[in-house]
Amino acid sequence: MILVKGGTLADGRPADVLLDGPRIAKVGKVAGKADQVVDAKGLVVVPGLIDMHVHFREPGREDKETIASGAAAAVAGGFTSVAVMANSGRVCDDEVGVVYVRAKSAEAGLANVYAVGAVSKGLKGEELAELGKMAQAGAVAFSDDGMPVMNSELMRRALEYARMFGKPVLSHCEDATLTKGAVMNEGSVAAELGLKGYPNAAEAAMAARDVYLAALTGAHVHICHVSTRETVEVIRRAKKEKIRVTAEASPHHLLLTDERLRSYDSKFKMNPPLRVAEDVEAVLEAVADGTIDALASDHAPHTSEEKEQELAACPNGVVGLETSLGVLLSLKKLPFERLIDALTAAPARILGLGTKGVLREGADADLTLIDPKASWTVDPSAFKSRSRCTPFAGMKLTGRAAHVIVGGRVCS
């Protein structure tokens, strides 16, 4: 047994947590001895953090990230579970891909790594992937993330099948006909820099399509990496209409704006792009009031050589597993309990992860112990991830994970 002693829960109550193997045995005052005691004095004890949107590049692009290095980065950032998107070097579009992710996760023995299966074969948007077989093999959701599903009929069928299997479809909302060649947000900064822009409407229009396809099919659609105020309004309206829609936002879209691209620095290039201050405020407000359910890093590793190309040529994406918690705590714009819910219970509900994301007797023994006063500076050279491209390099943050326990094992 492991006793987490002298900590404080997210709601401010003092409590010990007793772990018996892979389950939580007791939450409250615990007397007696345990095989191992973890001193939680001064720490906040919360359910293990869950990042429902990451990209690991194995199999096929292990030079960018492996499942083992990604799981190590997750634990370093305080995450006990992650859901990995399908766009590795070999697209996860069949049961073999799902089983591979599960096997490599078990081999790494760190954070739980769950597979998200592709919606379409090869992410080509032409033919449905083997959704049923992937669901049976353990896929927690389906997504072509990184590529929008432009074919509305295909998206409808994906939602219908996903509903049959009790899985959500995680939608990368982008009208690719409006974003071809785009480098950054469409607006005054892009105009001044002479760079092709990505309009807000390209995201919001596809979000509207997908929530109404969800209404048509009765399926659950989840809107990934919300970045615009128009998309927020689409989601807010859909929820009022009782459509089965959930959504997530990423830390960089809660803090940074397209002004950062004035430096032509590729660590500020991602998809969707950094927007303007009004969008940042709208997304923050939507997270605070629950319109946006979850927070996710959209951890997207690339090699230094790739990201060091000129801005128009380099790939979209930055890493975030090791910085997300510190950035979100340092924002100080989200109530602490709402922030923790968005990183634990909300993603667990969306992905159907059983008793993960909660802190109660009988639940999974996944815990994150947070030191809310820890001061640190983001140093990419110290990352466990194989990628070093972060928009938060050199930033001074307050708050980080002190200990991580996964399945009743102390991992850090």
Of all residues in the range 364-392 being within 30 Å of A15 (Cβ to Cβ) and among the small types (G, A, S), which is surrounded by the most Cβ atoms within 10 Å (Cβ to Cβ)? A365
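Could you list all residues from the range 196-207 that are out of contact with any Ser or Thr (no Cβ under 7 Å at 6 or more places or on another chain) and surrounded by 19 or more Cβ atoms within 10 Å (Cβ to Cβ)? Working first, answer last.
Start the filter on the range 196-207 by keeping residues that are out of contact with any Ser or Thr (no Cβ under 7 Å at 6 or more places or on another chain), which leaves 196-197, 199, 201, 205-206.
Correct list: G197, M206.
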Sort out which residues of the range 280-328 are surrounded by 19 or more Cβ atoms within 10 Å (Cβ to Cβ) and without any contact (Cβ under 8 Å) to a residue 40 or more places away in the chain, and write them in order of number. V280
Within the range 1-57, take every residue that is of a type in the set (D, E, K, R) and part of a strand (DSSP E or B) and give me the one that is nearest to A73 (Cα to Cα). D51
Count of the range 81-105 residues which are among the acidic types (D, E) and in contact with a Ser or Thr (Cβ under 8 Å, 6 or more places away or on another chain): 1
Helices (runs of 4 or more DSSP H) completely within the range 80-186 that count 2 or more residues being within 30 Å of R260 (Cβ to Cβ) and touching a helix residue (DSSP H, G or I) at 6+ places or on another chain (Cβ under 6 Å): 176-179
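Give the residues of the range 58-74 that are assigned to a helix (DSSP H, G or I) and either touching a Lys or Arg at 6+ places or on another chain (Cβ under 8 Å) or more than 17 Å from A106 (Cα to Cα) (or both), sorted by residue number. Working first, answer last.
In the first step, residues of the range 58-74 are kept if they are assigned to a helix (DSSP H, G or I); the result is 67-74.
Scanning the range 58-74 gives I67, A68, S69, A72, A73.
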For the condition on the phi < 0 side of the Ramachandran plot and at pLDDT below 95, what is the one hit in E278, E285, E308, E337? E308
M270 is checked against (1) in contact (Cβ under 8 Å) with a residue 40 or more places away in the chain; (2) outside any helix (DSSP H, G or I); (3) surrounded by fewer than 16 Cβ atoms within 10 Å (Cβ to Cβ) and fails just one. What number does that condition carry? (3)
G78 passes all but one of (1) of a type outside the set (D, E); (2) under 21 Å from the mean Cα position of the chain (by Cα); (3) modelled with pLDDT of 95 or more; (4) on the phi < 0 side of the Ramachandran plot; which number fails? (4)
If we keep just the residues of the range 9-37 that are within 18 Å of I370 (Cβ to Cβ), among the β-branched types (V, I, T) and touching a Lys or Arg at 6+ places or on another chain (Cβ under 7 Å), which is surrounded by the fewest Cβ atoms within 10 Å (Cβ to Cβ)? V27
Just one of (1) crowded, with 22+ Cβ neighbours inside 10 Å; (2) closer than 30 Å to A312 by Cβ trips up V189, so point out which. (1)
Which numbered condition trips up K121, out of (1) within 17 Å of the chain's Cα centre (by Cα); (2) charged (D, E, K, R); (3) surrounded by fewer than 17 Cβ atoms within 10 Å (Cβ to Cβ)? (1)
In the range 137-178, what residues are over 23 Å from the mean Cα position of the chain (by Cα) and polar (S, T, N, Q)? N151, S152, T177
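The values are calculated or read from the model by the stated rules, or taken from the named source; none is laboratory data. Given the structure is predicted, the values throughout are model-derived calculations rather than measurements. Every residue, glycine among them, receives a Cβ derived from its backbone with ideal geometry; neighbour counts consider all protein chains shown.
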